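Read the structure below first, then the notes.
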Amino acid sequence: VASALNWYLRYHCSVDTSWMSKFPLVLPRQLPRVGRSIVKQSLVKWGYYENVCTFSYTQAWWDWERWEREIDWMAMSGINLPLSLTGQEYISQRVFRRLGLTDEQMASYFTGPAFLAWNRMINIKAWGGGLTQSWIDQQRDLQLKILARERELGMLPVLPAFAGGVPEGMKSLFPEAKFTRHGNWGGFAEQHCCVMMVDPTDPLFLKIGKMFVEEVRAVYGSNHIYSCDTFNENRPRSEHGSVGLDFLSHSSRAVFESMRAADPDAVWLMQGWLFMNDARFWQKRELDAYLSGVPEDRMIILDLFTDVFPVWKRRDLQRPTPIEKRRWVWNMLHSFGGNSGMYGRLQVISKDPVVAKKESQTMVGVGITTEGIEQNPVVYEMMAEMRWREQEVDVMSWVEKWADRRLGPEASRERKALGEEAWRELASTVYSCPGTQMGQVKSMVESRPRLDLASGWIPNSDFMPIKRHYPEEALVRAWLKLLRATRGGADGYTCSSSASFDIADVTRQVLSDLFARLFQPLSSFCQTRLAGSAAVRMQTLLGIISDMDKMVGTQPRMLLGKWIEDARAWGKSKEEEEVLEFNARNLVTLWGPRGEIADYASKQWQGLLSDYYMSRWKLFFEHLQQAIRGTRIFSQQRFQQELLVFEQQWQTRTSSSFPSSPEGNAVELAWQLHDKYIKL
């Protein structure tokens, strides 16, 4: 019913219902009659939603009000199989206490709230200050509300099962049991890496796993579908280090049997990321062995990155592949770390799910498995709609209707025509990324400064390249049309919240691309010691960062201050608030004590731009100017050492504050920036 309502609002009322819409929705003065019956058949049974990482990169600080709106969006988007991991630590704590572990022993295991996704996937431990009892209990209460609403709307929430990770104290409680350690994930120091895991072949795994699912059912109820990731970005390792096929089959069997021991109807929903991320290890023999441990009708595999690297038909495997022999879900991943850059593959998601369903009868769902949301909404709205599409979608026709909805039902035909032209331009360039680019373009602004940034390499560049996949002029053409479509006029048009976001987002991207172009000659200015040209260029670049900060400050979902405010709101003491703010700052910047995964989850948000990225670039330019003047030879290594000192100090500057509410008018500011930069 919710999906039908959404279809009516979209295609009969021209109303946008995306993340950026303001509620209550602005409806036409008179609701149009449909006049006929419209029947939409679901392409597949399941509409899946969420990635384990989303619970950290976007949803770490969500309260019930924000979750309630998201669940409504899920229902209207046809989602009926949502991953539901909030409050998992309450279950872990109950199980560990039953086994005899103390709270002190658990404190050296649990990460801080922002990093729980990777604690749950046995990647890291104890980074970020740990958890208070208040946090654990509040998240339990929140999860109960989430699950009640999801079930009320007909969804089957996917709940957590035991993946194997345990605190170090477990070894002293069960000295005869076998334990293994995962490898060093992310380059973290020993106190945060190499998490201890119960060997899946040991009876203790089944014991703990059964207890875990029993507690899940007792506290949260169950719809019999469970998720856990035993080998996420970690190769399987037995007690002695070697891995045979028997060990693989025993491992998966242990996970499933621990579910079934507590829930005879259990189904394991597995993230298939490992089969793509470490394809060199997961060859046919290893896949067959691992998957053989679970009955075919008790497993569903999430092909996590089907939009770029489909595992279900991996090119190095003979068809039908081991994955394809199981039930599987076609997913769009799209964003790593919830970055801000404009990117999409509309030409893929508009047809490939339909083609795949015709080709593979074991495909049972379509889904969204992004690491972070609230960006590039056009991509997510199309993907969510694909569950109701039995035929391939004409992208240009679809984005024209999208453009009309973004402007709002009161926009004139002239405005809509401009909006449609702009979105056709975007759809054919920015949102039709060719090849196998994995994610969004990473802005130079949010990258650690280096003179050779233009060469294209940055850390994690496989996931988020720094080189554009579209011509800069195409984005500018679309920008100019959007500006004309939203400018105030005699018709009394008021820009909708959705169109305001589009203006801010495209303007931000235009400025980011301009920064990259103007940065390129800086190296030659420095090498030839053109001090005047270099100084002017540096000031221009800093000015662009400042203007980007003002632009994104007009949007409620682009504010560092709101991210920090939401984090601190969960604290019950000044000390806990400080820890929560540290978590919030660290995740989107250093991501670790020494930048182990620095800038992976960077955001072009107000506050981050003006305070964090601006400071980094100012420090870099100071080093360059000293070299140009001949007072000190430039050293990238020395600069990076000083940079790390600043970055680490910034993590605890909790006395500084940032706006938590948007300020300014996006359209008016965008026109000012147009006049300032259009000739550059």
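Readers should treat all values here as calculations from the given coordinates under stated rules, not as data from a laboratory. Please read all numbers here as calculations on a predicted model, not as lab measurements. With ideal geometry, Cβ positions are generated from the backbone for all residues, glycine too; neighbour counts draw on all protein chains shown.
Give me the orientation-averaged projected area of the Cα convex hull of the range 361-402, in nm², one decimal.
The number I arrive at for the range 361-402 is 3.8 nm².
Only helices enter this figure: runs of n ≥ 4 DSSP H residues, each worth -39500 (n - 2.57), summed and divided by the residues of the chain, yield -14000 deg cm²/dmol at 222 nm to the nearest 500. Between H674 and K45, the FRET efficiency from the beta-carbon distance, with R0 = 56 Å, is close to 0.70.
Each peptide in 366-375, 340-349, 619-628 gets a packing score, the mean of other Cβ atoms within 10 Å over its residues, and the list from highest to lowest is 366-375, 340-349, 619-628. Let me make sure I get this right: for the range 179-242, a, b and c are the square roots of the gyration tensor eigenvalues over alpha carbons, sorted descending. Under 1.5 in a/c it's rounded, otherwise prolate if a/b > b/c, else oblate. Which is it? Prolate, because a/c is 1.5 or more and a/b exceeds b/c.
Across every pair of non-identical alpha carbons in the range 162-310, the mean reciprocal distance, once inverted, gives a Kirkwood radius of 16.0 Å. Spread over its residues, the convex hull of the C-alpha atoms of the range 427-537 is 134 Å³ per residue.
Between N665 and Q30, the modelled labels are 3.1 nm apart [label points 7 Å from Cα along Cα→Cβ].
In plain terms, the chain from Q651 to E152 could stretch by 175.6 nm, reckoned as 0.36 nm per residue minus the Cα-Cα distance. Ranked from largest, the principal axis spans of the Cα set of the range 126-230 equal 43, 32, 24 Å. Across the range 266-325, the fraction of Cα-Cα pairs farther apart than 15 Å, rounded to a whole number, is 45%. Binning the C-alpha pair distances of the range 485-526 at 10 Å intervals from 0 yields a P(r) profile of 24, 31, 22, 15, 7, 0 %, listed from the shortest bin outward.
Measuring r between the beta carbons of V536 and A474 and using R0 = 30 Å, the FRET efficiency lands at 0.60.
Return the equivalent ellipsoid semi-axes of the range 490-625 as a descending list in whole Å, where each equals the square root of 5 times an eigenvalue of the C-alpha gyration tensor. Over the Cα atoms of the range 490-625, the semi-axes work out to 30, 25, 11 Å.
The gain in end-to-end length when the D141 to R517 segment is fully stretched comes to 130.4 nm, 0.36 nm per residue minus the alpha carbon separation.
The rule of thumb for compact globular proteins, 2.2 N^0.38 Å, goes into the C-alpha radius of gyration of the range 275-393 1.09 times.
For the peptides 215-224, 330-339, the ranking by mean Cβ contacts within 10 Å, running from highest to lowest, is 330-339, 215-224. Quick one: check the C-alpha center-to-center distance for the range 327-352 versus the range 49-77, whole angstrom. Distance between centres, Cα-based: 18 Å. Pair-distance distribution of the range 472-555: all C-alpha pairs, bin width 5 Å, starting at 0; shares per bin in whole percent are 3, 13, 19, 18, 16, 11, 8, 5, 4, 2, 1.
Derived from the Cα gyration tensor, the three semi-axes of the equivalent ellipsoid of the range 1-117 are 41, 16, 10 Å, largest first. Each eigenvalue of the Cα gyration tensor of the chain, multiplied by 5 and square-rooted, gives one semi-axis; in descending order these are 40, 33, 24 Å.
Judged by the ratio a/c of the largest to the smallest principal axis of the C-alpha gyration tensor, the range 43-201 counts as prolate, that ratio being 1.5 or greater while a/b is larger than b/c. For D394 and S455, a Förster radius of 56 Å and the Cβ-Cβ distance give a FRET efficiency of 0.90, rounded to the nearest 0.05.
Taking 21 Å as the limit for the C-alpha separation, the pairs K22/K572; K45/K325; K401/K442; K45/K210 exceed it in the case of K22/K572; K401/K442; K45/K210. Take each peptide in 465-478, 41-54, count the other Cβ atoms within 10 Å of every residue, and average; sorted highest first, the result is 41-54, 465-478.
If you average the C-alpha positions of the range 534-583 and of the range 630-663 separately, how far apart do those two centres end up, in angstrom? After rounding, the separation between the Cα centres reads 13 Å.
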